[in-house]
């Protein structure tokens, strides 16, 4: 059964108003961030604020076009669009223009265009299409592989473009999967890997080995409830450890401590497997797989971090983990960003009166660090208002998503929430020093046509789907 | 159906949790912490010192002597340095590559984020050449300064020079900062407070590249630099230059004073140096060269050299004798080749005998003053020679001898007058008599008197018994009068009535008929009555020093002066004609007889130091 509906009267105007408010706030803060005496007119199109006004106008047109297109279009063409964007990503990786070290841009005359921004939209669409199809059971290997295809392929290509920030955005889709019933075990596993990652960097491989051994012994006890097994296991490890250490010492082999322990661990594990098999101790294999898996992860993290990450990326992570303090080196941006925001105090320095942002102490003050201008000129009150607007938008989208009757619309809604939330957390988090510096824009606020349009499309497709929510009667 | 709907609550919770974490963190850095505001101010505010031009210095006739010239310090801020064409940079600034490297390292060691001086006092021409290319050298900028410029290469000892403040002063003073200039000697030093003006500050907003973006708060907190106050010196630059010309190739000093005011008309100390050497980048090297010069050009002999006054001192003993009533105009002594007392003999030269007071000065009789001094010390008025000696000394002190005059130039010394204690220590208490100190009668022995003290004494004689403390500044711009202490009349302990015979003697010493024993006829000027007295200071290290004191005209003294020429022999030989030429220059604009000027200027007495005394 179909009902004809009036698109304009069914639009969720609250969302639209929040969107317009954010876009407007973004525009006047871009004006302030790059304000200079020679170009005082906010309509000066040679300046960023003038250009942003063009992008905004175009975004409004795009929004209207989206509202006109039939809602079934997005679901129907989801895979096709995703495929097209993936092709574009490949093209841009091979032939794109390099800006700030990322080969992520397509250039058409004066207009630059970043396909990665649009990959977020199509990934959200494809994900919604796939997860909303019938006979899908989430927690199966086959499903995981298909999901990985949808999410990880664009992510990998974007990583190849050297645009780490945009690639990381795709991890946000875990939120969608979580809502759709991703097993807690998988999630916990994910958290465990992240914890391993962090502990490896902070405390080193050796500590992780000892830690995971200890953890494995505790789990062994939890699974079997018998101390004897634990003592025997620990005893075997200690003896073989002592043996290996002794051999290393006596023969002066100068093998590093790391390998001595690893060797002892392998040796004692083999010994223990035989013993466990003999005595029918359960789930030893699983534990050992996890144990060696963890050590493998720790080792590869260490290896990847030291050999594959570029030094500025290492520094940013070290900075955040508190392993490195260099306020005039890698920490300079963060420090300046905090000075700008902190010096705004409660009420701010006033519109156009910010000095830290205007005089370039804060980098990228109209794009990634636009929040500094808001914090500096409008103070805590301004920060509070902006964060409130974002939270209202996110919660409103959550409400909208949950009221969808079609799974596709709901899942897509969560896709929108994931992407916006991730940008919001990372962008504001980095300006106040809570997360590492990852160059991604603040949705609707930051300067840039590509990102504004992409976020507009992302949001308005969902608003369009929401308009037609009553068409689907389940 | 949808079995995971409850998870939306967890998602909502996570969103809100993040919002709360952000707001708490923002509250902490924006509202609670107050560390960021000063950090922000520090970032954008640059205080740039405005260096005022120093006050100008004029001579007594309004001629400009010292003024300022723009110079530029090249500054470097290491944090803004990037690759640049070092070869071109060195070529423009005319510096060695090693200098560049050394200075850049020093600047980095000092501070990576604060500017420091890279190259001092670059000329306007170099600056102009650099300015065109400045954009090629990020991290360098220019700080305008002013340096002293001298119209004449004379009067360096009076004018002094300007140097960088010492680290010690920077630590203790609230005004001076490292790299500031300060008067280091002469007038520049003693009038530093007047000449320096007041530094100002301009507060600018700068961006991250240290580019000035505007003034802070519309300049509300800026302080304008106050230009230094101009000074009119008492110096007569023509006379000064003439004096220096006369003293070329001679070691010594001329100090000329206007008796009516105590104004120093000229203060020559030779060898001198070109004050222009003490300016600019070569200053340190030039200073070292001057310091190592064995003729000590940096030593201001006019204020710092102590000489025995020689026979010029006879006029003092004459005045004291008169005041103490042990000597009368009619007092006569016969002189037969000197003063004899038992085995003691002090020689005298050949002159008509006997002589009275006036004659004794005219012919400079040693014997006469031995007697006078003996009577001064054996005056029955005093119970002991100690008391008489102390009284004698206090007369001298009333002329400004033996103590600093406190003139307005630095490094003046007190000179030396012996005390009773001095002789007690040397001979034992009450173990010495007038014979032990008889050389004081003729100005030899334990006397150390500076040229300026001697000139001042002459001025007191010209004034018939009083003087004004000699001073070098005539007027400070914007001030009604000079310091009170320079307007204060100092009466000597000798009444003015006792001066006439002495002055008469000084007149005759210069203007007496030829062949009558006048000792200073070489100082004679036809149209001016010059009064003077020769002196020859015994010099144990070489040829005697030639001394002459004089004032003129006799009845309306305009100039009083003392001339010291080391190793010049008799006072009449060099010092007297030099004084005469100075007087002529000052009163008439030049010498009557050019021969005398040529005679003096052509003399080279620098190498006479070690020669034996010539026979005469």
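Each value in this text was obtained by applying a stated rule to the coordinates, not by laboratory testing. Source: prediction; values computed, not measured. Neighbour counts are summed over all protein chains in view; Cβ atoms, including those assigned to glycine, are modelled from backbone coordinates with ideal geometry.
Data overview
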read-out	value
Simple spin-label estimate for residue A:289 and residue A:194 in nanometres, 7 Å along Cα-Cβ	2.5
Fewest-first ranking of A:423, B:466, using other Cβ atoms within 10 Å as the exposure measure	B:466, A:423
Per-residue mean of C-beta atoms belonging to partner chains within 10 Å, peptide B:38-46	5
Inter-probe distance in nm under a simple model that places probes 7 Å from Cα toward Cβ, at residue B:212 and residue B:224	1.7
Anisotropy class of region A:22-104 from Cα gyration tensor, a/c 1.5 cut	oblate
Helix axis angle, B:575-588 relative to chain B longest principal axis, alpha carbon, degrees	70
Whole-angstrom gap from region A:105-164 to region B:38-68, using each part's C-alpha centre	67
DSSP beta bridge pairing in the protein assembly as shown, given as percent antiparallel to the nearest 5	95
Relative contact order (%) - criterion: Cα under 8 Å, at least six apart; region: chain B	14
Percent RCO, i.e. relative contact order, over region B:127-232, from Cα pairs under 8 Å lying at least 6 residues apart	19
Between region A:372-434 and region B:76-130, the alpha-carbon center distance in angstrom	51
Cα-based helix-to-principal-axis angle, B:237-246 vs chain B, degrees rounded to 10	60
Helix-only mean residue ellipticity at 222 nm for chain A, each DSSP H run of n ≥ 4 adding -39500 (n - 2.57), per residue, nearest 500	-23500 deg cm²/dmol
Fewest-first sequence of B:255, B:497 by Cβ atoms within 10 Å of each Cβ	B:497, B:255
Whole-angstrom gap from region B:265-290 to region B:474-523, using each part's C-alpha centre	32
Order by protection proxy (mean Cβ within 10 Å, highest first), peptides B:321-327, B:238-244, B:432-438	B:238-244, B:321-327, B:432-438
Relative contact order (%) - chain A, alpha-carbon pairs under 8 angstrom, separation at least six	25
Per residue convex hull volume, Cα atoms of the protein assembly as shown, in Å³	285
Two-site label geometry, residue B:105 and residue B:587: point separation in nm, points 7 Å out along Cα→Cβ	6.7
Exposure proxy order (Cβ contacts within 10 Å, fewest to most) of A:82, B:83	B:83, A:82
Rg/Rh (Cα only; Kirkwood hydrodynamic radius) as it applies to chain B	1.20
Shielding score for A:174-183, defined as the mean number of other chain Cβ atoms within 10 Å	3
Estimated 222 nm signal from helices in chain B, with DSSP H stretches of n ≥ 4 weighted -39500 (n - 2.57), rounded to 500	-9500 deg cm²/dmol
Cα gyration tensor, region A:283-429 - rounded (a/c under 1.5), prolate or oblate	oblate
Rg followed by Dmax, in Å, when region B:46-233 is reduced to its Cα trace	18.2, 55
Rounded if a/c under 1.5, otherwise prolate or oblate - region A:193-308, Cα gyration tensor axes	oblate
Additional length obtainable on full extension of the chain from residue B:340 to residue B:41, 0.36 nm per residue less Cα span	98.8 nm
Cα long-axis angle, helix A:449-467 against chain A (0 to 90 degrees, to the nearest 10)	90
Amide N of region B:228-250 lying under 16 Å from the label point, which is placed 7 angstrom from the Cα of residue B:606 along Cα→Cβ	B:244-250
